[in-house]
Every structure is written in C-alpha cells, then in structure tokens.
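The values are calculated or read from the model by the stated rules, or taken from the named source; none is laboratory data. The structure presented is a predicted model; accordingly, all values stated were derived computationally and were not measured. Note: ideal-geometry Cβ built from the backbone for every residue, glycine included; neighbour counts use all protein chains shown. Heads up: the accessible areas ignore ligands, DNA and RNA and are worked out on the full protein's heavy atoms, side chains in. Shrake-Rupley method; radii C 1.70, N 1.55, O 1.52, S 1.80 Å.
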Amino acid sequence: MGEAVEVFHMNGFKSSHDDHEKCGWYDEIIDDDLKWSFALNSVLHRGTSEYQEIALLDTKHFGKILVIDGKMQSAEVDEFIYHECLIHPPLLCHPKPKTVFIMGGGEGSAAREALKHTNIEKVVMCDIDQEVVDFCRRHLTVNHDAFCDEKLWLIINDAKAELKKREEKFDVIVGDLADPVEGGPCYQLYTKSFYEDVLKPKLTKGGIFVTQAGPAGVLTHKEVFSSIYNTLKQVFKCVLPYTAHVPSFADTWGWVMASDEPFAPDSECIDNRIKERINGELLYLNGDSFISSTTMNKTVNYSLSNETHVYTEEDARFIYGHGRAHQG
C-alpha cells in the first residue's frame, strides 16, 4: 500500500512517489472521522473565480461531478433527483405559475427543470459568480438548451441585492444555494430577516418559496435541515418539508416549501398537472413519490416538531466538511 503520487487540492497539485499504478480519487470530508471517496478517471477542469474554487471531475461511478470550494454540488448520473425535487413540487402545487426566480443555480439544472413547464413564461436565474456560470455553460452540455432558452433571464448579481431592487413579484422563488458554510455568503440567504424582509414581499399572492435545506438523514438532519424548517415557520403560515435519497450525496437530502396558502394538491392532481404542464418525462418525481417524500421518519419528525433554533446573521448553523481530489 502506498501514498498518493499526486494530491489535488483545489489550488493545485502536490507530488510524491509510489511504486503502485496511479489511481485517481476524490475525497469529500463529511466529518472529522468520515469521508466519502470517488475513484476518478480524470480531472477535466479546475479554476478559481473571484468567489470560489471550481472543478469538474470525471468519476468512475457517478460520471462528471461539479465541485465548488471542495464540496460536490451535483453528479451527472443522479442530479435529476435533486433538481426534480427542488423545482417541480412548488411549480406543481401552485395553481397557475408563470414566473420563477432562482437564487443561485449557476450550473443551469434548476432552470432546465423549470423550463420544462409549458405554462412558465419567465425564469430569472440570479447567480453571483459569472465564472461559475460560464464554466457550467462550457462544460455541462446537458443544460445547453436551457441556457439558450429565450424564457431564461440570466442575471449576475447577489440574489439578495437583486430581489431588493426588483419591483416585480414572482409566483415561485427557488433557493438553489450552496450549503451554509462558516465564512461563506450563502448563510445570510437562510436567515429569518432575509425571508421576512426581502424574499416574502417578492412573492405574488399565493406564491411559493422552496429551498434546498441540506442533509436530512437520521444522523444529519439537525445540522441545518430542522433549523431551516423552523426558521421558515416563523415567516410563513404553511411550511412543508420533504426528503429524498441522493446516492452521490451519500445521504437523504431535504427541501422545504413555504407559502401563506395551503399546499392542496394530492397525488392524482400532481400526476394530472405533470401530464398537462410538463414537456417531456420526469425521471424521478410523480404524485405518489412526492406525497410519500413529505412523511418524515419518527426521529426526524420529532426533531422538526421540537426545533427552536432560528437562523439569524448572529446565530447560524453551518455544514461541516470540505473536499479534495488526489491522483495516486
């Protein structure tokens, strides 16, 4: 057994020697004593923007994966699970959505899913990082049509500043943001003051907000999922958490929808709206799977019911971990 020949930290390579054949790996640190490793075919691209470090890795098991600041954002083979769960529930629960505002979403997958809805007239995607957007446009060819769609309005700006200055309101607002990490800017977009003072006033009557809410497994849901849920409960009358397993994330993932109107559709209604509104086939979501995803197990349900933490700028919770890739 030998050490890695080349270790890829996000800012470059370090070399050492080994008698064994070279083999590439990407390691994501989940906790002090736990990591998630992917065998690599190659490092396709890496770079650094004004805001973050970016890499596109070709893994043997999950295909191409997008890594930002050492944390995997999505994997080619199963990103449809995350993005279908993020986008379609609010659009299908809303009676007549026409406009969508996406906070973040620079890789284009959230916009791709929103644009499948034939009733949608305008999708505004607001990402702070021009270089990430350009990088994804070049390298994530699956989203080429979405970036070229005339219904997509691409804005490079801080989402909070953009929402503040806009006079228009939206039927659905989506938080496709990076996980809240200490020292990063995104955690401010999970706070009660942001939801209450900036985001909610930009929703139309009956409008729906949805956000990714981090890991939601039995062992991980208290990191940020339960807190995001409780924070939204302080701002909106109706708040609905739901979860799904994402294999490349090695965990159950959580999302939370919020509105001042009840989420009325049942399984049959959702299936009918999928047939009526969506151009093409969904790979993961249908009426039954969505309804079942809103049922939490006993442990998670207890935590959600008893959570007291509210996200503020002064009192935030953060996701642990970072990642690196190495070739050995």
Next item on the list: Go through the stretch 269-305 and give me each residue that's open to solvent by less than 80 Å² (accessible area, probe 1.4 Å) and farther than 19 Å from Trp253 by Cα.
Entry: Cys269, Ile270, Asp271, Asn272, Arg273, Ile274, Arg277, Ile278, Gly280
Item checked: Which numbered condition Trp25 misses (of (1) aromatic (Phe, Trp, Tyr); (2) more than 30 Å from Lys200 (Cα to Cα); (3) at pLDDT 85 or above; (4) touching an Asp or Glu at 6+ places or on another chain (Cβ under 9 Å)) -> (4)
Checklist line | Within the stretch 150-177, tally of residues that are of a type in the set (D, E, K, R), open to solvent by less than 50 Å² (accessible area, probe 1.4 Å) and assigned to a loop (DSSP other than H, G, I, E, B) | finding: 1
Check: Among the residues of the stretch 257-268, which ones are open to solvent by 40 Å² or more (accessible area, probe 1.4 Å) and part of a helix (DSSP H, G or I)?
Finding: Glu268
Check: Only one of (1) surrounded by 21 or more Cβ atoms within 10 Å (Cβ to Cβ); (2) over 22 Å from the mean Cα position of the chain (by Cα) fails for Trp253. Which number is that?
Finding: (2)
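Taking the options Gly184, Gly207, Gly104, Gly217, name whichever one is at pLDDT below 95 and open to solvent by less than 30 Å² (accessible area, probe 1.4 Å). Explain how you work it out, then say what you get.
Values: Gly207 fails: at pLDDT below 95; Gly104 fails: at pLDDT below 95; Gly217 fails: at pLDDT below 95.
Result of the check over Gly184, Gly207, Gly104, Gly217: Gly184.
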Notebook entry, point to check: What is the one condition in (1) out of contact with any Cys (no Cβ under 8 Å at 6 or more places or on another chain); (2) of a type outside the set (Gly, Ala, Ser); (3) more than 16 Å from Ala213 (Cα to Cα); (4) open to solvent by 10 Å² or more (accessible area, probe 1.4 Å) that Tyr82 does not satisfy?
Noted result: (3)
Next item on the list: For the stretch 70-113, enumerate the residues that are touching a Pro at 6+ places or on another chain (Cβ under 6 Å) and part of a helix (DSSP H, G or I).
Entry: Leu91, Cys93
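On the basis of being in a strand (DSSP E or B), crowded, with 21+ Cβ neighbours inside 10 Å and in contact with a Lys or Arg (Cβ under 8 Å, 6 or more places away or on another chain), does Ile65 make the cut?
Details: in a strand (DSSP E or B): yes; crowded, with 21+ Cβ neighbours inside 10 Å: yes; in contact with a Lys or Arg (Cβ under 8 Å, 6 or more places away or on another chain): no.
Spelling it out, it is not the case that Ile65 is in a strand (DSSP E or B), crowded, with 21+ Cβ neighbours inside 10 Å and in contact with a Lys or Arg (Cβ under 8 Å, 6 or more places away or on another chain).
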